[in-house]
2 protein chains.
Amino acid sequence: MSFCYAYPRPAVTTDIAVFTIRNQRLSVLLIERGGDPFCGYWALPGGFVEPDEALETCALRELEEETGITGVWLEQLYTFGTPGRDPRQHVITVAYFALVPMESLVLKAGSDANDAQWFYIDDLPKLAFDHQDILDLARHRLRAKLDYSTLAFRFIRDNFTLGELQSVYEIIRGEALDKRNFRKFVKSLGLVEDAGYFKQGGPGKAARLYRLACPDQLYYTR
Amino acid sequence: MSFCYAYPRPAVTTDIAVFTIRNQRLSVLLIERGGDPFCGYWALPGGFVEPDEALETCALRELEEETGITGVWLEQLYTFGTPGRDPRQHVITVAYFALVPMESLVLKAGSDANDAQWFYIDDLPKLAFDHQDILDLARHRLRAKLDYSTLAFRFIRDNFTLGELQSVYEIIRGEALDKRNFRKFVKSLGLVEDAGYFKQGGPGKAARLYRLACPDQLYYTR
DNA sequence: ACAAAAGTGTTCTCGATACACCCATGC
DNA sequence: GCATGGGTGTATCGAGAACACTTTTGT
């Protein structure tokens, strides 16, 4: 069976960089490729766009098929189409990135992948295709948007402590922040409210828990 | 002649929103479509990606073919792939935007277009496809990047007056700015230097002319 | 002379930064 | 009792906003 067109067409894929925070380190989800090209290499989850499929739908579908992750928030990152990025043929990929709360996911290897695994962003294996470029850009965007959006909240769940939230900011920025200034900053955003409970059990004083005041519209400040 | 593949593929195009400032108004370049679909409608210049063609190369080529414009600076905007955006088939378009200096271009109608013309961004005809959405996003991006990049300089040429530069900012932001604050701001950027000449001839006092201190690396502040 | 645009400083406000100590809890 | 993280206020600095008059040129 084959599909024929009057003019040649490049193939189109989506690739997704899923970030989370594990063990206080920024991490990304990769799959081990089971087929050519780059068999045995690690790569971003992703795959070909199906007929009449929206790009974001494709990204969500591939993510579920290859890793079992569903229902995440996605943002389009950039479209990569340099000839030669796939050695077989001209493939244009629309890259997305996703943020998931820390330690909240059960992975399963899917049909297209031998294995799916989290890697620390600063300790990656050699990646297939131009996926390292995609990750470099994604990481850059993540850091930039931290300052003018509320994307950090995507890494945590309701009933978080301000200490946890602060550590998300610190991990993405790669530097320590002043605790009092940070708390002032968070309160000035006006997005969080006291959940009325405390987090018991860890070392140290019990921490007040917070939740999002408007869990829905949670984007772009400034 | 036809081109056949083992799996179906969407078509891929690039579209380009070229902005300039004419008569103190933000304007965009459109072409009148000569063929179906949307024959007779106005649309963004753009067209299909050729085999092994880089996306940006495609955008530049289509822009030249359809409007005669060459060598402009491009930035990738967003990739649109909603099924149904082209009534014939699934077409994914990678949208770019370009900024050209005011009153600097001679247009010519190209092979694929009956006509190419500048339109005021606030006074557009009904556009083909989802090109109005693309323009809405482009305009939004333009306004946002004005504040954290030096993109405004793309609208002017060397030997500009600070009044001219200020009017670029005012036109994109849609509001008047204070002259003294604006001059302080520009000097703090450290990107412009006195060209040593004055602009004679207009009404009012002759204005000092400036040029870019580093015409090359002209991007991203903050 | 007058219309039109160029050019020039100071004050205020607000957000960002720097900085140190006591408190509650688990072990 | 001690180690660990939670919680709190004040002073300083710098960028951005508000604000009005004089100068030069063309007509």
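The values are calculated or read from the model by the stated rules, or taken from the named source; none is laboratory data. Please read all numbers here as calculations on a predicted model, not as lab measurements. Positions of Cβ are generated from backbone atoms using ideal geometry, with glycine treated the same way; all protein chains shown enter the neighbour counts.
The table below lists the values:
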item	result
Residue count for the range B:96-123, restricted to those that are in a loop (DSSP other than H, G, I, E, B), modelled with pLDDT of 95 or more and not aliphatic (A, V, I, L, M)	2
Number of positions in the range A:56-94 that are in contact with a Ser or Thr (Cβ under 6 Å, 6 or more places away or on another chain), assigned to a helix (DSSP H, G or I) and within 11 Å of another protein chain (Cβ to nearest Cβ)	2
Flag for residue B:14 being in contact with a helix residue (DSSP H, G or I) (Cβ under 6 Å, 6 or more places away or on another chain) and either more than 14 Å from every other protein chain (Cβ to nearest Cβ) or within 22 Å of residue A:55 (Cβ to Cβ) (or both)	yes
Test: residue in the range A:64-77 that is free of Cβ contacts under 8 Å to residues at least 24 places away in the same chain and within 25 Å of residue B:96 (Cα to Cα)	yes
Selection within the range A:1-39 - surrounded by 12 or more Cβ atoms within 10 Å (Cβ to Cβ) and among the acidic types (Asp, Glu)	A:15, A:32
The range B:161-173 - residue that is in contact with a strand residue (DSSP E or B) (Cβ under 9 Å, 6 or more places away or on another chain) and under 25 Å from residue B:138 (Cβ atoms) and, of those, farthest from DNA strand C (Cβ to nearest atom)	B:172
Test: residue in the range A:31-47 that is part of a loop (DSSP other than H, G, I, E, B), within 14 Å of chain B (Cβ to nearest Cβ) and at pLDDT 95 or above	no
Contacts under 7 angstrom Cβ, first residue in the range A:188-203 being more than 14 Å from chain B (Cβ to nearest Cβ), partner within 12 Å of DNA strand D (Cβ to nearest atom) and assigned to a loop (DSSP other than H, G, I, E, B), 6 or more apart	A:198/A:206; A:199/A:161; A:199/A:206; A:200/A:206
Any chance residue A:61 is in contact (Cβ under 8 Å) with a residue 60 or more places away in the chain, charged (D, E, K, R) and surrounded by fewer than 22 Cβ atoms within 10 Å (Cβ to Cβ)	no
Leading residue by the ranking (nearest to DNA strand D (Cβ to nearest atom)) among those in the range B:166-190 that are among the small types (Gly, Ala, Ser) and part of a loop (DSSP other than H, G, I, E, B)	B:176
Which numbered condition residue B:13 fails, given (1) over 28 Å from residue B:143 (Cβ atoms); (2) at pLDDT 95 or above	(1)
Residue within the range A:166-176 that is under 18 Å from the mean Cα position of the chain (by Cα), over 21 Å from residue A:120 (Cβ atoms) and not aliphatic (A, V, I, L, M) present	no
Filter result for residue A:53 (more than 10 Å from chain B (Cβ to nearest Cβ), out of contact with any His (no Cβ under 6 Å at 6 or more places or on another chain) and not hydroxyl-bearing (Ser, Thr, Tyr))	no
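Every residue, every condition in (1) in contact (Cβ under 8 Å) with a residue 12 or more places away in the chain; (2) under 30 Å from residue B:194 (Cα atoms), yes or no:
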{"residue": "B:119", "(1), (2)": "yes, no"}
{"residue": "B:124", "(1), (2)": "yes, no"}
{"residue": "B:128", "(1), (2)": "yes, no"}
{"residue": "B:137", "(1), (2)": "yes, no"}
{"residue": "B:145", "(1), (2)": "no, yes"}
{"residue": "B:149", "(1), (2)": "yes, yes"}
{"residue": "B:152", "(1), (2)": "yes, yes"}
{"residue": "B:160", "(1), (2)": "yes, yes"}
{"residue": "B:167", "(1), (2)": "yes, yes"}
